[in-house]
1. What nm distance separates the two modelled labels at Glu158 and Arg249, each placed 7 Å from Cα along Cα→Cβ?
2. Based on the Cβ-Cβ distance from Asp228 to Asp106, what FRET efficiency comes out when R0 is 41 Å, to the nearest 0.05?
3. Please list 310-323, 335-348, 353-366 highest first by mean number of surrounding beta-carbon atoms within 10 Å per residue.
4. Tally Lys and Arg at +1 and Asp and Glu at -1 over the other residues with C-beta under 14 Å from the C-beta of Pro334: what net charge comes out?
5. Could you tell me the convex hull volume per residue, in Å³, taken over the Cα atoms of the chain?
6. Expressed in nm to one decimal, what extension gain is obtained for the pair Asn116 and Ala76 from 0.36 nm per residue of sequence separation less their Cα-Cα distance?
7. Rounded to the nearest 5, what is the percent of antiparallel bridges among the DSSP beta bridges in the chain?
8. Provide the descending list of Cα extents for segment 202-380 along its principal axes, expressed in whole angstroms.
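Just so you know, all these numbers are worked out from the coordinates, no wet-lab data involved. In this text, all values refer to a predicted model and were calculated from it rather than measured experimentally. Cβ coordinates were reconstructed from backbone atoms using ideal geometry, including for glycine residues, and neighbour counts include every protein chain displayed.
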Amino acid sequence: MIATSPAASLPPVTPRAAPSVSSDPFLAPVRGGGVRLLVVDDEETIRLALAKFLRLRGYEVHTAGTGVEALALLAAGPYEAMLCDVRMPGMSGVDLVPHAIDTCPDLAVLMLSAVNDAATATQALTRGALDYVTKPVELGDLQAAVERALGRRAAAVERKELDRRIREEVAARTTELEREKAALKQLTVSVVETLINAQEAKDVYLRGHSQRVADLGAQVASELGLDDDVVEDIRLAGRLHDVGKIGIREEVLNKPGRLAPDEYEHVKDHVRIGTEILAPLRHIIGPALQYVQDHHEHWGGGGYPRGLAGEEISLGGRILCACDAFDALTSRRPYREPLSRDATLDFLATQCGRQVEPMVLDALRTVVERRVLVFIDELHG
Ligand SMILES: [Fe+2]
């Protein structure tokens, strides 16, 4: 074990008037100011000598003879700094460093190393120690090293605190922005819904269609295991999908009976008109815009407006296509009674792989069959 040098042997402290200038570290101004230090050395003489010197410098000093003892004290902490011998029986100082920093994350660690053991001390630096002092310890050097380490620790704590405040500020502003974005989205959707409600109010047969397609589309999306935000985008697209009908002539929309070819072409235009109405809101409604544009595309091709097929069509568009068809067929029309659920599913089965995607149709069937079971349950509940 390393001994302190003659220069470091601790002179008795005799009360006397302090000289105006002195290089004696015992006479230097007291700086510790209640800072808690832990001295870890297996050699009691050195441990006590260092503790005595540091206490005289105003530090609150605790001592430990082993790594295990040191960790117990650190756990009961807090400590600002630890002076730690490199070579100790059992847990070495180098092994103690990472455990000590784990236990006390802001701890400034200063190693006490033999002159011929700088390599080991350097190894301790890679594990988180800030500096090392060679033995025999020069008390003046020790005090300077302790002050340096505490200064670096204070700077690190300040940086950490600053980082924490910045992260908090960023998180708070992000939350605020998200809230404003959600409010803006809600407001925008409400405005568009007003258009849709006005449109549906003029046609008793269309009333509630968008809301039902939205709810059914969201349930089918959930059944397919899509993420919650995708489910909500599909619900939103369901609400908005027919907004373009505002641009279709009423006598065509409300015509009781089969449409002439040019009238049918005019009705098809509602997708283009709807997409144009919603396009400026792209940054607010996100993928819902694409779903609206795709809601009349057919899985097997032959839909409109672009005649896409298969996975060229957005999944939201494929889901809305099936739900739109289901709601249209199960709704009353001026020229026919509503189809039953089973008759509608039978009809859609003939369109499987043509108008509707097989996977989506399976999920739609599961959802609407479950709805009836829930309804029966409620009746008997
Ligand atoms: Fe439509």
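1. 7.8 nm
2. On the way: r = 40 Å, r/R0 = 0.97.
Working from the Cβ atoms, E equals 0.55.
3. Numbers: 310-323: 23.4, 335-348: 13.6, 353-366: 18.5.
Listed from highest to lowest mean packing, they are 310-323, 353-366, 335-348.
4. Spelling it out: positives minus negatives among the neighbours equals +3.
5. Numbers: hull volume 96.1 nm³, N = 381.
Measuring per residue, one finds 252 Å³ for the Cα hull of the chain.
6. Values: separation 40, 0.36 × 40 = 14.40 nm, distance 3.41 nm.
In short, 11.0 nm is gained.
7. On the way: 1 of 21 bridges.
That works out to approximately 5 percent antiparallel.
8. 47, 39, 29
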